[in-house]
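See structure below.
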Amino acid sequence: MADRLDKDPFSGWDSSDIKIEKVQNKSEVYQQIPLLADVTKILSKKKIVRTEIEEKKEKYIITTRVVRNNRRWLYSTEAVPSNDIPETIIDRDMLDWQMFIEKAGKHHSAICNAIAKEIEAQSKKKKRKVVKLLRIILAFVIAASILLAIVYIPSIFTPSNPPRPTTDEIVESLENGQFKKVKEWMQTLPDNAETAELRLKNKLNSSLNVDLLFETWKENEFIPKSYSVNDLKIRDIVLSDKDRYRLFVKTPKGSGQLYLYIFQQDQKGLEMLMPNSKWWNTDNPVRYNSEYQMPPKNVFKWMQPDKLTDGNGPVDEFIYIIVSPWKAKDIERYYDQNNADGILKAMSQRKDLNIKSIFYEKFSFKHDKRDIPSISDIISKP
């Protein structure tokens with residue numbers, strides 16, 4: 001600790017100038033200094049007094065001796081571990097020995113206080129350095145925090161792009177009627193997407209050209225008539241419960257498999273015609289480049305409208321056709337739940353979102369009571 005003090009903190013001191021300071025709220029260093037009265041008492045008895053001041057791992061020893069002989073009185077004070085503090089010898093020609101002892105004690109106490117004061121000063125200096133260092137560290141931390149905030153806070157409040165769905169997830173969305181998600185995926189898919197993603201996108205953008213033919217055979221007609229579902233004349237067709245009709249579906253050229261769904265809505269509600277073993281000799285999935293007939297190919301098997309149960313008609317009967325490379329799980333689920341509104345909404349979504357690879361068609365014909373006598377009625381008249 002001596003090398004941290006001034007090189008010679010006591011050089012040039014005169015004991016007559018040394019004053020013992022009254023220190024309020026004494027620290028641990030000052031508490032190690034004995035009272036002046038105690039120092040004087042010890043010098044009177046032992047002619048020597050030693051004070052030890054410890055500061056952390058170092059120790060300061062202040063020693064004062066008094067000598068009395070026939071010629072003169074002497075007292076000396078030394079402080080270690082500082083080798084730079086010279087031995088102080090005071091020679092006083094005093095008539096009162098007790099006053100001389102008190103003078104030596106005062107000098108001892110003053111040296112102790114001076115060392116304590118220097119220790120306190122050095123301790124405060126250290127603390128100031130520590131505080132300064134802590135302030136520098138705190139300023140650095142604050143600056144770093146502000147910099148990180150500038151860099152990262154905007155990214156926190158800026159909505160990040162969610163991970164792109166996989167092809168399996170898109171297929172699952174197609175099967176469950178989540179077409180909005182599919183459209184968004186198609187719009188955001190980059191040009192450098194994976195091969196499987198691009199293949200699926202191309203498949204979604206490939207139109208399905210499905211041919212539909214509606215055939216009727218009225219009771220008073222000798223041969224059936226065929227209409228394209230896009231023919232405006234089909235809207236004017238009026239069938240009674242004695243008339244017959246059937247539907248032909250021809251799938252486009254291609255490879256893989258397709259799913260075909262046909263519904264009819266009449267006065268009784270909504271009925272699934274395909275898949276339905278009652279009207280079709282096949283089930284999903286169906287093949288590309290194939291022709292399917294409802295009812296199955298049998299010249300004696302046709303479908304007939306149900307008898308009208310109320311009113312005089314005519315009423316509209318609607319037929320919905322959906323063809324897609326993907327299963328319509330949402331439609332099948334709604335049908336199992338007898339949820340006709342859910343089915344109609346799911347089919348309408350496939351139309352409104354206009355995904356090319358999902359074919360949607362809706363047409364209607366009229367159903368009325370028979371107003372033209374049949375051949376059997378004419379023959380049976382008297």
Just to be sure I understand the model, the point goes 7 Å from the Cα along the line to the Cβ. What's the resulting K181 to R135 distance in nm?
5.9 nm
Listed pairs K297/K351; K278/K345; K203/K301; K180/K307; K46/K126 exceeding 32 Å between Cα atoms
K203/K301; K180/K307; K46/K126
Near-label residues of the range 240-264 by backbone N, under 11 Å of a point 7 Å along Cα→Cβ of S290:
251, 256-260
Relative exposure of H108, H367, judged by other C-beta atoms within 10 Å (fewest first):
H367, H108
Going from the fewest other Cβ atoms within 10 Å to the most, one would list S240, S44, S206 as S206, S44, S240
Report the net charge of residues surrounding N209, where surrounding means a beta-carbon distance below 14 angstrom and charges are Lys +1, Arg +1, Asp -1, Glu -1.
0
Give a residue-ordered list of calculated ³J(HN,Hα) values for the range 142-154 (Karplus: 6.51 cos²θ - 1.76 cosθ + 1.60, θ = phi - 60°; whole Hz; x for Gly, Pro).
5, 4, 5, 5, 5, 5, 5, 5, 4, 7, 9, 4, x
Residue by residue through the range 110-117, what is 3J(HN,Hα) from phi via Karplus (6.51 cos²θ - 1.76 cosθ + 1.60, θ = phi - 60°)? Round to whole Hz and write x for glycine and proline.
5, 4, 4, 5, 5, 5, 4, 4
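No value in this document is a laboratory result; all are computed from the given coordinates. What you are looking at is a predicted structure, and each value in this text was computed from that prediction instead of being measured. Heads up, the Cβs are rebuilt from the backbone with ideal geometry, glycines too, and the neighbour counts pull from every protein chain shown.
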